[in-house]
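Sharing a structure with you now.
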Amino acid sequence: MTILVLGGTGRVGSSVISHLLANGQKVKAIARNLDKLPKDDNLIGIKQIGDIIKVTVADLEGVTGVISCLGHLMSVSNVLFDSYWVKESAVQVIGIIEEMKPPSPIKFIQLNSAGVDNPLGHDERPFGDKPILAISSLVRPFLDSQATGHYLATVNSKFVDWCAVRPCNFIEGERKPYTVTEDIKVSVFSDANIQIGSIGHFISELATKDELWIKWKGKMPFLKDAKSE
């Protein structure tokens with residue numbers, strides 16, 4: 001089993017890789033700066049060329065799952081003018097997998113956002129959240145997350161199974177007890193949060209544990225700390 005990680009030097013991506021390697025998994029990671037990746041015999045670093053990740057057939061050889069932890073750096077220019085490159089990456093990777101026609105479906109796991117509604121689910125947000133989410137829709141990184149989640153909800157392929165993970169507010173920290181639900185029933189104004197270590201744990205488990213994958217494939221699970229309201 002080999003897992004390809006995109007965005008492996010970011011906060012969540014680094015946590016995902018650490019959990020995978022700790023469990024003895026083989027990992028490929030595409031990154032601009034390979035020196036930021038951990039040194040491990042089970043890790044193969046692939047140099048990213050250019051600003052946008054372009055996955056090749058060679059990158060996907062022998063891979064059983066792809067984890068995308070790509071995200072936008074929050075700056076004025078990115079907020080106003082950044083492209084939809086997280087969605088573009090998902091479209092590109094899934095397109096290549098479909099062209100490869102693997103004998104068994106490859107897992108595609110996308111780090112998404114709790115601000116994104118699940119078009120296939122029954123999120124129940126308070127009425128007061130709607131103006132905030134409407135304002136957020138003017139921000140390019142949020143629009144990209146939304147477009148990515150909504151694109152995945154349309155994917156119906158015998159070569160790809162997908163899951164879009166929607167954590168609430170990220171905070172630094174190691175894994176703590178957390179809850180996973182199919183629908184969001186908390187306000188964006190709540191103090192709900194989740195440790196980055198918990199996100200990395202859940203995503204790595206999704207990629208490697210068949211029982212968990214069967215439960216959540218084709219869905220958009222919401223993650224929060226077990227003690228958060």
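The values are calculated or read from the model by the stated rules, or taken from the named source; none is laboratory data. Computed from a predicted structure; not experimentally measured. Cβ placement follows ideal geometry from the backbone for every residue including glycine, while neighbour counts extend to all protein chains displayed. Calculation scope for accessible area: heavy atoms of the full protein, side chains included, ligands and nucleic acids excluded. Shrake-Rupley method; radii C 1.70, N 1.55, O 1.52, S 1.80 Å.
Would you confirm whether any residue within the stretch 204-223 is open to solvent by less than 30 Å² (accessible area, probe 1.4 Å), in contact with a Leu (Cβ under 8 Å, 6 or more places away or on another chain), over 19 Å from Leu4 (Cβ atoms) and at pLDDT below 95?
There is no residue in the stretch 204-223 that is open to solvent by less than 30 Å² (accessible area, probe 1.4 Å), in contact with a Leu (Cβ under 8 Å, 6 or more places away or on another chain), over 19 Å from Leu4 (Cβ atoms) and at pLDDT below 95.
Of everything in the stretch 128-153 that's among the hydrophobic types (A, V, I, L, M, F, W, C), modelled with pLDDT under 85 and outside any helix (DSSP H, G or I), which residue is nearest to the chain's Cα centre (by Cα)?
Ranking the candidates gives Val139 first.
How many residues are in contact with a Gly (Cβ under 8 Å, 6 or more places away or on another chain), modelled with pLDDT under 95 and among the hydrophobic types (A, V, I, L, M, F, W, C) when one looks only at the stretch 86-127?
Total satisfying the criteria: 3.
Please determine whether any residue of the stretch 207-217 is in a strand (DSSP E or B), touching a residue at least 12 places away in the same chain (Cβ under 8 Å) and either touching a Pro at 6+ places or on another chain (Cβ under 6 Å) or closer than 19 Å to Gly10 by Cα (or both).
Looking only at the stretch 207-217, we keep the residues that are in a strand (DSSP E or B), and these are none.
Scanning the stretch 207-217 turns up no residue that is in a strand (DSSP E or B), touching a residue at least 12 places away in the same chain (Cβ under 8 Å) and either touching a Pro at 6+ places or on another chain (Cβ under 6 Å) or closer than 19 Å to Gly10 by Cα (or both).
Right, here's the next one. Return the residues of the stretch 56-85 that are at pLDDT 90 or above, outside any loop (DSSP other than H, G, I, E, B) and surrounded by 11 or more Cβ atoms within 10 Å (Cβ to Cβ); say none if nothing qualifies.
Within the stretch 56-85, Asp59, Leu60, Gly65, Val66, Ile67, Ser68 meet the criteria.
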